[in-house]
Amino acid sequence: MKRLFGFLSIFIIIFTIPLVFSGCGSKKPKDKKIIIWHWMNDRKDALENLASQYKNLTGLTVEFKLFSPPDIYSQKVIAAARSGNLPDIFGILGEKKTMSSFIKANHVLDLTPYMEENDKSWENSFYPQALEVNRFRKNNSYAIEEGIYGVPIDLTVMEFVYNKDIFTKAGLDPESPPETFEEFLSYAKTIKETLGINGFICGWGEGWLINALAVEWAINLMGEDKFIQTIEGKVPYTDKQWVEVFSMFLKMEHSGILADNITSMINKESEDLFSRGKAAFSFNGSWAVNVYKQLAPDLNYKFFPLPKISDNYPVKIWGGAGSSFMLHKFSKNKNDAVDFLKWITSNNQQNFLSKETNNLPSIKNCQEGLPEVLIDIVDVLDSLTHPNIWPINENSRVLEAFNSGLQQITMGLKTPAEVCAEIQKIKERVSTK
Amino acid sequence: MNDYRTKDKVINFAFVFPALLIFSIFYLYPFFYSFILSLHRSDGIFTYDFVGLAHFRDIFQDKAWWRSLYNGGYITFWALTFQNILAFSLALGVDRAIKTGKIYRVIFFILPVLSEIIIGLLMRTILLSEPGILNQWLDKIGFGFMIQDWLGKEHVLLTTSLVHCWKGFGWAFIILLAGLQTIPEQLYEAARIDGANYIQRFSKITLPLLMPVVSMVIVLTLLGTMQAFAMILALTRGSGRLTEVPVMIIYNHLRGNQVGLACAEGIILGFILVLISFSMFAFSKWVKEKS
């Protein structure tokens, strides 16, 4: 027994003495430092370079801390928010609903007063669609107080992309991409028949990619208003225009232009195959410029707008803020952090980021650093659409049925009408709840 | 006397306390917290709205959930039959191969040691039509007639089941081999002297004595396969629900911030697995008593 207490005493002494003495030393004043958490592995070097430029300019240390992959980053931010350990600046990944949860829990600073300083000079410098992603309008469905809660540092856009060399080999004009769905099908079929190359490839194993394409076609056919009305539950998914949108995927399947195993493919896989000339067309985001550059620097390709399925409504392109930074509401370095965000979203820094990372800038009149392949995309920045700028978002159960239904159509497992009926059934079930 | 007993109890408890604390924090608390979450509509971040048993009712109406249970059951059927029979046959073979036994043990145990994601991605590269490594091999060795889209809609569930068996048989092999080696050699020698042939020795000695190990392997296979996820995700990503298994649905709901629903699904899956496991143990006890 005595031995046991002896051991316990030694144990306590060993662990408590350092704790006691650690508090006795003289405190060194800490250097002021802005901590930024991010997930952007591909932009790590460019961001750190900017931080070092800022240190030289102002003497203030900015530390970018990378947590990757994005799933891990998301968990890290949520855990930090719940334990009250968020850094000065951080990004929130996911839907606008997730962002609204952070705002409701008092973790995100409303940047509107800073944006509106000097006749809204900071606010007006951004593409409106980029800022819209971080803006909550009056009486929004998330019940968030009106304001701008994030700073976009770049833009992403999703468009079709084609391999110009494959076009030439198949006897097609490499400067004339298809404008309509019929042209797209016919070109892809010609390529498949003459060269034996897959007409179309995409990472449809990831639901959001197939979803984005379906939404673009839906808006083209029925207009954004009717599309939003569907989310609101005023128009059923069994509406004939929805069945028509879903039929596009069946037509693609029937025409034989889709790459094998497309519904189990992730985007990285499809990017790899497209960069190796294994497919003529793909549907991808503007971030692919950087990916293709790394995988196949000589790849001869070009982005082009959605091949439209109707003339009813103008084509809308899936896009908006690519990455945004939020400011911790209780950061001790609030003003310094805002200054840094203003600096990083000013012309020189945005040009630097575009040049180094091949991403579209979030501010207007800033195309110096853009690679040629992205310059064409700038023209469509006025016609962007994205769930984060819609007044209401679809229930995730419905989205799940929507995406897997599209996968099942492209696998030939179900008809568009069957899938639409299933989605509507789930929609009604969740709406009742 | 009483003082001594109380002191003794306190000391004993002090020794158990760290383990109890760890068990409570990492097992009991998450278990009860999951149950509480399953009664709420929660994004897992900050919002918790009490919905009672609505998630459970929702799951029973969800065709995708039942389809995933069917997929899990199908893969489990192959694991219970093909995988375990293969493992048992190999364990019997290696049990007799005294000199080379260790080498085989290492070879068969390499696969379970490898990460499920690596196995999934590796097999995907081999099975995909592009680059089509398996199809190219088949063509080269004169089995061109067997070339097909192994991950296409017709075969994807069977292919997934077989890849799962290929990856998983090592565990069953090691456990069964260990079981076989605990059977005393004298029993076989006595049976041989009595004139028993191989089939009689197998059915009268090996099988009855190995029954507890076999039932444990069956339960472990059931639990492991119904919870299989990472390999299937890397191999097929669910293939439009054709290979979607219960844990994949739970994972997707967690990622979609439907934490309450995911917890309810986890509880239902756990309940089903516990029920099956206890039934298996009861069945094995019954078989043992009969034999």
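Here the stretch B:5-54 is the region considered, the condition is being at the interface with chain A (Cβ under 10 Å from one of its Cβ atoms) and assigned to a helix (DSSP H, G or I), and the residue that is nearest to A:S100 (Cα to Cα) is B:A54.
Residue count for the stretch A:147-158 satisfying the condition of being at pLDDT below 95 and out of contact with any Ser or Thr (no Cβ under 7 Å at 6 or more places or on another chain): 1.
Which of the helices (runs of 4 or more DSSP H) contained wholly in the stretch B:189-272 include at least 2 residues that are under 30 Å from A:S101 (Cβ atoms) and more than 14 Å from every other protein chain (Cβ to nearest Cβ)? Hits in the stretch B:189-272: B:246-255. Evaluate the stretch B:142-162: report whether one residue or more is closer than 30 Å to B:A230 by Cα, modelled with pLDDT under 90, more than 14 Å from chain A (Cβ to nearest Cβ) and within 20 Å of the chain's Cα centre (by Cα). No: zero hits. The residue that is nearest to A:S310 (Cα to Cα), counting only those in the stretch A:174-203 that are out of contact with any Leu (no Cβ under 8 Å at 6 or more places or on another chain) and within 13 Å of chain B (Cβ to nearest Cβ), is A:I197. Being hydrophobic (A, V, I, L, M, F, W, C) and assigned to a strand (DSSP E or B) is a property that does not hold for A:L273.
For the residues B:I36, B:I59, the requirement of being touching a residue at least 24 places away in the same chain (Cβ under 8 Å), of a type outside the set (F, W, Y) and surrounded by 13 or more Cβ atoms within 10 Å (Cβ to Cβ) singles out B:I59.
If the condition is being more than 14 Å from chain B (Cβ to nearest Cβ) and modelled with pLDDT under 95, then the stretch A:401-433 contributes no residue at all.
Scanning the stretch A:55-96 for residues that are hydroxyl-bearing (S, T, Y) and either within 24 Å of A:G320 (Cβ to Cβ) or within 11 Å of another protein chain (Cβ to nearest Cβ) (or both) gives A:S68, A:Y73, A:S74. Residue count for the stretch A:105-123 under the criterion of being under 21 Å from B:F46 (Cβ atoms) and under 22 Å from the mean Cα position of the chain (by Cα): the result is 5.
Could you tell me whether B:H55 is in contact with a Phe, Trp or Tyr (Cβ under 8 Å, 6 or more places away or on another chain), on the phi < 0 side of the Ramachandran plot and of a type outside the set (S, T, N, Q)? No: the conditions fail for B:H55.
Tell me yes or no: at least one residue of the stretch A:391-400 is surrounded by fewer than 21 Cβ atoms within 10 Å (Cβ to Cβ), more than 14 Å from chain B (Cβ to nearest Cβ) and either touching a helix residue (DSSP H, G or I) at 6+ places or on another chain (Cβ under 8 Å) or not acidic (D, E) (or both). Scanning the stretch A:391-400 turns up at least one residue that is surrounded by fewer than 21 Cβ atoms within 10 Å (Cβ to Cβ), more than 14 Å from chain B (Cβ to nearest Cβ) and either touching a helix residue (DSSP H, G or I) at 6+ places or on another chain (Cβ under 8 Å) or not acidic (D, E) (or both). Note on the stretch A:233-269: among residues that are touching a Cys at 6+ places or on another chain (Cβ under 8 Å), modelled with pLDDT of 95 or more and in a helix (DSSP H, G or I), the one that is surrounded by the fewest Cβ atoms within 10 Å (Cβ to Cβ) is A:V243. Applying the set (1) outside any helix (DSSP H, G or I); (2) on the phi < 0 side of the Ramachandran plot to B:G73 leaves exactly one unmet item: (1). The C-beta contact set for the stretch A:405-433 (first residue farther than 21 Å from B:K153 by Cβ, second residue assigned to a helix (DSSP H, G or I) and among the acidic types (D, E), distance under 9 angstrom, 6+ apart or interchain) comprises A:I426/A:E400; A:R429/B:D58; A:V430/B:D58; A:K433/B:D58.
Within the stretch B:82-113, the set of residues being surrounded by fewer than 13 Cβ atoms within 10 Å (Cβ to Cβ) and either aromatic (F, W, Y) or closer than 25 Å to B:M248 by Cβ (or both) comprises just one member, B:V113. Being in a loop (DSSP other than H, G, I, E, B) and either modelled with pLDDT of 95 or more or within 15 Å of A:F283 (Cβ to Cβ) (or both) is the filter here, so list the residues in the stretch A:197-232 that pass it. Scanning the stretch A:197-232 gives A:C202, A:G203, A:W204, A:G205, A:E206.
The values are calculated or read from the model by the stated rules, or taken from the named source; none is laboratory data. Every value quoted in this text rests on a predicted model; they were computed, and no experiment measured them. Cβ: placed from backbone, ideal geometry, glycine included. Neighbour counts: every protein chain shown.
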